[in-house]
Amino acid sequence: MNSIPELSDEFFRIARERYSDDAFWLGEDEAAVRRQFSTANDYFRTGRAWAETAEGCRLAGFFNPEQRINDEAVAYFGFWENSGDTDAVLNAQRDLFARFERWAAEQGAERIYGPINFNTYGPYRLRLADEQGGMPGPVFAGEPYNPLSYGEQLQALGYDIHYRYYTRINNNLPALALQMEKPLAQALQQLQGEFIVSRLDGDTWMNNLPELYPLIDRMFRQNFAYSPISEAQFVAACGEPFARKLCPQSSVLVRHKSGAIAGFFLCYPDYSPLQVAGSLMKAADISYAKHAALLPEPRLALAKTGAIHPDYRQAGLFTLMSMQLTCWAAPHYQRVAAALVREDNPSLRYAHNGEEVRVYGLFTKQLARAAAQEG
């Protein structure tokens, strides 16, 4: 087990101070974060972490010697916050990032990516100005949320955007579903007898976890920055608390006629109205059965994770699942979002006619060889 940094009370106070007057911040589950930085997280069987605070700022770093991207050893930074954009804080932040970069170089990293909290199974990316130049309105659960100044601060520290990601929100889901009805019927007819399409609820997800663990590794292993995780980590990230948030009305499961899982598309209600300042309900406590009916209209369906088994990627299943999710969601939601899609992903076409477009970035920085030699 690698050494694990101990998080100070100051680590959490900095975030609370930054968002103390922000009605849209969904809060931070201190107990859950402390568990991540503990022996309960088997990330530390091979991975290493670093965490420090300075005057009004905090930062964590992660290095897994088994993780390489484009044949480079990489480190991640995450859990980054500062309490304000004063000169004193920004100067302290510059020193804090420099200390992290020295640590990363000492571990053997050649490049840094972030923000990524441990790995891409956890929260990652930074929210940037949207296409209208601002960042208004509430955040949905799992969406990056931060002051707009953070992107400029990273660039001032020598970081560049490696990828952009987009969330496209359509504000008239019933009308979109009407457009999908005919092509969906045609697609289902074409695939009849080869694939079986059904709704996916939390119990079905949990009953299939043993099959899903190796399957998800196959589905996502080509994704950027993907790193395999242990079955225990998978259950912690995608087990019961994850499953009970699923929308059983609109999530989609596709099986091949052989019975094998061919694909799935997960949909969640946007629970953020129940989590905003004043309530700060913990994400781990939310369930569809208890809380979906409490959500005010207009309700937003989050189409967040779609995946196809490599053996069936030429069968048109992603388009089929997108249309099916839309039609199943329409009676229960008024809006739909294709959430957090990378700029070069063909699935960005889903909800392509969305009226609202949110933008996010994943940043990178090459570590100078001299830094590694100094370490």
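The values are calculated or read from the model by the stated rules, or taken from the named source; none is laboratory data. These numbers come from a predicted model, not from an experiment. A quick note on method: Cβ atoms are made from the backbone with ideal geometry, for glycine too, and the neighbour counts reach across all protein chains shown. Only protein heavy atoms, including side chains, enter the accessible area calculation; ligands, DNA and RNA are left aside. Shrake-Rupley method; radii C 1.70, N 1.55, O 1.52, S 1.80 Å.
Whole number in Å², please: accessible area per residue of the chain, 1.4 Å probe, ligands, DNA and RNA not counted. Intermediate values should be presented prior to the final figure.
On the way: 16990 Å² over 375 residues.
For the chain, the solvent-accessible area averages 45 Å² per residue.
Considering only protein heavy atoms, with the full assembly of protein chains and a 1.4 angstrom probe, order Asp9, Asp130, Asp22 by accessible area, largest first. Please report the intermediate quantities before stating the final value.
Values: Asp9 115, Asp130 20, Asp22 40 Å².
Result, largest first: Asp9, Asp22, Asp130.
Just how far, in whole angstrom, is segment 251-319 from segment 32-51 if you go by their alpha carbon centroids?
If we compute the Cα centre of each part, the gap is 27 Å.
Whenever you get a sec, compute what percent of the accessible area on segment 222-363 sits on carbon and sulfur atoms (1.4 Å probe).
Details: 3050 of 5730 Å².
It is 53 percent, rounded to a whole number.
Give me the percent of Cα-Cα pairs in segment 77-118 that sit more than 15 Å apart, rounded to a whole number. Mind showing how you got there, number by number?
On the way: 424 of 861 pairs.
Result: 49 percent of Cα pairs exceed 15 Å.
Which trypsin sites (Lys or Arg not before Pro) from segment 142-231 combine a DSSP loop assignment with at most 12 other Cβ atoms within 10 Å?
Numbers: sites: Arg164, Arg168, Arg199, Arg218, Arg221; in loops: Arg221.
When the trypsin sites (Lys or Arg not before Pro) of segment 142-231 are filtered for loop state and at most 12 Cβ neighbours within 10 Å, Arg221 remain.
What percentage of the solvent-accessible surface of segment 1-123, computed with a 1.4 Å probe over protein heavy atoms, is contributed by carbon and sulfur atoms? Walk me through the numbers on the way to the answer.
Details: 2330 of 5420 Å².
Here it works out to 43 percent.
Would you calculate a helix-derived [θ] at 222 nm for the chain, using -39,500 (n - 2.57) for each DSSP H run of n ≥ 4 and dividing by the full residue count, to the nearest 500? Before the final figure, lay out each step's value.
Numbers: 12 runs with 118 residues, N = 375.
Mean residue ellipticity, 222 nm, calculated: -9000 deg cm²/dmol.
Explain nothing, just the number: dipole magnitude of the chain about its Cα centre with +1 on each Lys and Arg Cβ and -1 on each Asp and Glu Cβ, in debye rounded to the nearest 20.
Details: 36 positive and 44 negative charges, 213 e Å.
So the dipole magnitude of the chain works out to roughly 1020 debye.
Across 5 Å bins from the origin, how do the percents of Cα pairs in segment 1-151 run, short distances first?
2, 9, 17, 22, 21, 16, 9, 4, 1, 0
What residues qualify as long-range amide H neighbours of Asn172, i.e. H under 5 Å apart, gap of 5 or more or another chain, H built at 1.01 Å from N?
Distant-sequence amide H within range of Asn172: Val336.
Treating the angle as unsigned and between 0 and 90°, give the value, to the nearest 10°, between the Cα long axis of helix 173-191 and the longest Cα principal axis of the chain.
So the helix axis and the longest Cα principal axis differ by about 70 degrees.
Using a Gaussian network for the chain with springs between C-alpha atoms less than 10 Å apart, which of these wobbles most: Ala51, Ala23, Ala330?
Ranking Ala51, Ala23, Ala330 by mean-square fluctuation puts Ala23 first.
By per-residue mean of other Cβ atoms within 10 Å, what is the highest-first order of 121-128, 181-188, 269-276?
Working: 121-128: 19.5, 181-188: 14.0, 269-276: 21.9.
Result, highest mean Cβ count within 10 Å first: 269-276, 121-128, 181-188.
For the chain, with a Gaussian network of springs between Cα atoms less than 10 Å apart, report the residue from Arg13, Arg111, Arg335 with the top mean-square fluctuation.
Maximum among the listed residues: Arg13.
For the chain, I need the span (max minus min coordinate) of the C-alpha atoms along each principal axis, in Å, sorted largest to smallest.
64, 41, 33
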